[in-house]
1. Which whole-percent values make up P(r) of the stretch 221-267 when all C-alpha to C-alpha distances are grouped in 5 Å steps starting at zero?
2. In Å², and per residue, what accessible area does the chain have when probed at 1.4 Å with the other protein chains present?
3. Could you calculate the FRET efficiency of Glu217 with Phe447 from 1/(1 + (r/R0)^6), where r is the beta carbon distance between them and R0 is 56 Å, rounded to 0.05?
4. Quick one: which residues, 5+ away or cross-chain, put their amide H under 5 Å from the amide H of Gly77? H built at 1.01 Å from N.
5. For a quick check of understanding: with a 1.4 angstrom probe and all protein chains in place, what accessible area in square angstrom does Asp351 have, to the nearest ten?
6. Jot down the radius of gyration and Dmax of the stretch 296-342, Cα atoms only, both in angstrom.
7. Just to confirm the number: angle between the C-alpha axis of helix 437-448 and the first principal axis of the chain, 0 to 90 degrees, nearest 10?
8. Evaluate Rg over Rh across the stretch 121-279, taking Cα atoms for both radii and Kirkwood's formula for Rh.
Amino acid sequence: MQTSIGLIGLGVMGANLARNAARNGAKVAVYNRTTEKTDAFIKAYGTEGTFVACHTLEGLISALPTPRAIVLMVNAGAAVDAVLQELTPLLSQGDSIIDAGNSHFADTQRRMIELQNKGMHFLGMGVSGGEEGALLGPSMMPGGSRESFALLEPLLRKMAAKDGGGNKCVSYIGGGGAGHFVKMVHNGIEYGDMQLIAETYHLMKSVLKMPNAEIGETFASWNKSRELKSFLIEITAQIFLKKDDLTHAELIDAIKDEAKQKGTGKWTTQAALDLGVAVSTMTAAVDARLMSSLKPLRIRAEKEIGALDLKTVRLTTRALKDALFLSKICSYAQGYALIAEASRTNSWNIDLAEVCRIWKGGCIIRSTLLKTFEEAFRKDPSIPNLLLSPEIADFFRARHGKWRKTVAAGALGGIPLPAMAASLAYFDSLRTGSLPQNLTQAQRDFFGAHTFERNDKPGTFHAQWGN
């Protein structure tokens, strides 16, 4: 077991991971480019465990026994490469570097090969749970060097969140960039889930005319149900209770309606396009954040287009609950389909049931639904899409009517529901044996001689459309 680790980068997440490791018996050598931050960390948390304050990389290296294990908690991209360029000449063969930031999986694969060529190990480890999770127990998704994982597994298991079934929320994901790919998709699902909740709130506020207190109570009651109990629903209920320190009114109404993003949602959509996998709910969520950033344009359009002849459709919170429930499942299904295709393409052999299991605690998208998803993948590991699970399919057969009414209510009432509508379209497309893309392919052949396949015989064909 690795009982000594180094950690570079003492931002909030890095600091909390270091504290977590120390609380679980590790000796942690810490380093930050800003010496003052290192000293402040030791002053604030030095009594929580065994820490060694290091003011140089050379000092960090000398503080660790071999084989060394050094965790990077720095900004993704060029910053990671810059640290590696400084760090690797100081290391020995057999040492391990663990990138626990939100790096792009392709960068992780490249770095792993580069370090392998130098006789060192590289582990790309997704970490989810935010500041609190990093300290008290995150979900961790390590991929890359098996040797590194074997060395670190006992410590990581102590640090990770509980999965609710007697195990911990950490598991070896696969080779190369598998760990960071799964964390990226986790974030894509998170984008989709958050947007679906926001759309539900929009309907509650604009169609049902519910006050904030009632909206909060509704989300709180949903968080007690088997269908929707989750971290994101839990915090949503709490948000509607928060008063503004300045105005003493509900804080939610004082927050500007522009959602920022750090890029992992965009990466998920880009990866899905590269792999040819539809992730329409997640893509809609990214688009929704982009649209939210156009605040001045939206205000202008609201004034210039003016009021429209819209209809208020009768809607119930029960219908909203079913619509959110089914839309949420579609977001997860798209994420699992993307992971499965990436695993197949890269020979990662990712166990989707294990992915479900390690997401059951610590992470942002933890939900009681994950137990159902885990069971579905354990029963049939080769199932091509989560929606084909008999239990999951039963959910849709029983509840799709209210889902459709909810999406229709949004359309008729002028309420944008990009993610909810995308989820419904995904479901309907998946269950439709004959889609209209025969016309699309005919058009492609007409203007570009791209050829087409036939239903009645094998081969590719081209028609002389102009005759």
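1. Reading upward from the zero bin: 5, 18, 15, 16, 19, 18, 8, 1.
2. On the way: 22120 Å² over 467 residues.
Accessible area per residue: 47 Å².
3. Working: r = 56 Å, r/R0 = 1.00.
FRET efficiency, Glu217 to Phe447: 0.50.
4. Correct list: His104.
5. Asp351 exposes around 80 Å² with every protein chain in place.
6. Reported Rg and Dmax, both Å: 18.2, 46.
7. Approximately 80 degrees, to the nearest 10.
8. Working: Rg = 18.9 Å, Rh = 18.1 Å.
Checking Rg against Rh, the ratio lands at 1.04.
The values are calculated or read from the model by the stated rules, or taken from the named source; none is laboratory data. Computed from a prediction, not measured in an experiment: that's the story for all the values here. Neighbour counts are summed over all protein chains in view; Cβ atoms, including those assigned to glycine, are modelled from backbone coordinates with ideal geometry. Calculation scope for accessible area: heavy atoms of the full protein, side chains included, ligands and nucleic acids excluded. Shrake-Rupley method; radii C 1.70, N 1.55, O 1.52, S 1.80 Å.
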